[in-house]
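The values are calculated or read from the model by the stated rules, or taken from the named source; none is laboratory data. For clarity, every value in this text was computed on a predicted model and none was experimentally measured. Cβ coordinates were reconstructed from backbone atoms using ideal geometry, including for glycine residues, and neighbour counts include every protein chain displayed.
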C-alpha cells in the first residue's frame, strides 16, 4: 500500500493509481514487491528537522528515505521537500513535474537496493532514474504538468 501525506505543505496533484502502478512496475524490475510505502511531502524546514533529528545532518535535502524493507518486500517512509524539489528544478532547468517524479522514484530505487554515495554509484542511480521515468504513465506526467501550471 502506498500512502500520500503532507507536513507544512499541500499535497501535489497525484494520480495515486498511476503512481502506485509505476512504483510496482519499477520494483518488479529489481525483483521486489511493494509493501508499505509512505510518501511524506513537506517543506524545507520539516526536512531539515528530520535530517537533524534522525540522521544528525544539518542541511536541507530533497529526499530522505527510511528503509523498513524485509527480504524482497520494499517498505519505507520517503520524506520529500517540495521546496527543494522546486529549487532543484529551477537550478537544473527541468520541469517541476520531472524533478518531482525523479525524486519520488529515487527513494523507491534506494529501497530496491541502489545506492548513490560510493564511487560510480551516482551514475548508476541516475541511469536507473532515467529508465524509471520512461515507464511513468503519460497521464500522470501530464497531470503533474497541468497542476504545476495552475499553481
Across region 30-42, what is the number of residues that are surrounded by fewer than 17 Cβ atoms within 10 Å (Cβ to Cβ) and either touching a residue at least 60 places away in the same chain (Cβ under 8 Å) or in contact with a strand residue (DSSP E or B) (Cβ under 9 Å, 6 or more places away or on another chain) (or both)? 4
Being over 18 Å from residue 111 (Cα atoms) and in a strand (DSSP E or B) is the filter here, so list the residues in region 27-74 that pass it. 42
Unique residue being touching a residue at least 60 places away in the same chain (Cβ under 8 Å) and buried (at least 16 other Cβ atoms within 10 Å of the Cβ) when the list is 13, 89, 27, 97: 27
Being surrounded by 13 or more Cβ atoms within 10 Å (Cβ to Cβ), at pLDDT 90 or above and more than 19 Å from residue 97 (Cβ to Cβ) is the filter here, so list the residues in region 114-127 that pass it. 114, 124, 125
Search region 75-110 for residues being more than 14 Å from the chain's Cα centre (by Cα) and not in a helix (DSSP H, G or I), and hand back the single one that is farthest from residue 30 (Cα to Cα). 93
Scan of region 111-123 for residues that are at positive phi and either free of Cβ contacts under 8 Å to residues at least 24 places away in the same chain or not in a loop (DSSP other than H, G, I, E, B) (or both), ordered by number: 120
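Is it true that some residue in region 10-22 is within 23 Å of residue 123 (Cβ to Cβ) and either modelled with pLDDT of 95 or more or in contact with a helix residue (DSSP H, G or I) (Cβ under 8 Å, 6 or more places away or on another chain) (or both)? Reasoning before the result, please.
Within region 10-22, the first condition is being within 23 Å of residue 123 (Cβ to Cβ), and the residues that meet it are 22.
Checking the rest, the ones that are also either modelled with pLDDT of 95 or more or in contact with a helix residue (DSSP H, G or I) (Cβ under 8 Å, 6 or more places away or on another chain) (or both) come to 22.
Yes: one or more hits.
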Residue 46, sole failed condition from (1) more than 15 Å from residue 113 (Cβ to Cβ); (2) surrounded by 14 or more Cβ atoms within 10 Å (Cβ to Cβ); (3) in contact with a helix residue (DSSP H, G or I) (Cβ under 6 Å, 6 or more places away or on another chain): (3)
Can you confirm whether residue 57 is crowded, with 16+ Cβ neighbours inside 10 Å and in contact with a helix residue (DSSP H, G or I) (Cβ under 7 Å, 6 or more places away or on another chain)? no
